[in-house]
Amino acid sequence: MFSVPPADPATATAHFLARLSLETDVSDVHAALEAGPPDLVVVDSRGAAAWRQGHLPGAVHLPTDEIAARAADVVPPGSTVVTYCWGPGCNGATRAALEFARLGRPVKEMIGGFEYWAREGLPVVTPAGIVRRRLDELTAVTATVTCDC
């Protein structure tokens, strides 16, 4: 059936637990921002033009190549950081998360990035104000913001 057999349950448990400790998704970040925990900082690691085009409400702009120099001024000590970039085809959020980890900060990467945030119809800050793009039925359930998983 498979050219490589599935891992044993203990190996699979360790693998998936590790992934969940390093990654979060759009729905969970949205819920966390709505709840407003004081120690959460969402970092947009894209460039200035992308930030101006649209970003998550409450996010801070800190391009990856500026993290080492500016993180101490932008992200309060003790904060949990969530990084995002364009989307699944971009590893910018991964590189940004690595920079925060190297600085000794607790960090997760938001899988799906800005692309899936916008495709799920969540609020986006643009020069025209806060907008919600039309929900993409291939990425989100139309009756709710969460996938109920």
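Can you compute the modelled spin-label distance between residue 16 and residue 32, with each label point 7 Å from Cα toward Cβ, in nm?
Taking the two extended label points, one gets 2.1 nm.
So how do 80-93, 8-21 stack up, highest first, on mean other-Cβ count within 10 Å?
On the way: 80-93: 20.9, 8-21: 10.0.
Top to bottom by mean Cβ count within 10 Å: 80-93, 8-21.
May I ask you to give the average projected area over all directions of the convex hull of the Cα atoms of the chain, in nm² rounded to one decimal?
Details: hull surface 44.7 nm².
Computed as one quarter of the Cα hull surface, the answer is 11.2 nm².
Where Lys and Arg each count +1 and Asp and Glu each count -1, what net charge lies around residue 76 among other residues with Cβ under 14 Å from its Cβ?
Numbers: positive: 70, 105; negative: 39, 73.
Here the count lands on 0.
Can you say what percent of the DSSP beta bridges in the chain, counting only those with both residues inside, are antiparallel? Round to 5.
Working: 5 of 18 bridges.
Once the DSSP bridges in the chain are tallied, antiparallel ones form about 30 percent.
Give the long-range amide H neighbours of residue 108: residues separated by 5 or more places, or on another chain, with amide H under 5 Å away, using H modelled in the peptide plane at 1.01 Å from N.
Here the answer is 81, 82, 83, since their amide H atoms fall under 5 Å of that of residue 108.
Here, each number is a calculation from the coordinates, and none is a lab measurement. It should be emphasised that the depicted structure is a prediction, and the values quoted were computed from it without experimental measurement. A quick note on method: Cβ atoms are made from the backbone with ideal geometry, for glycine too, and the neighbour counts reach across all protein chains shown.
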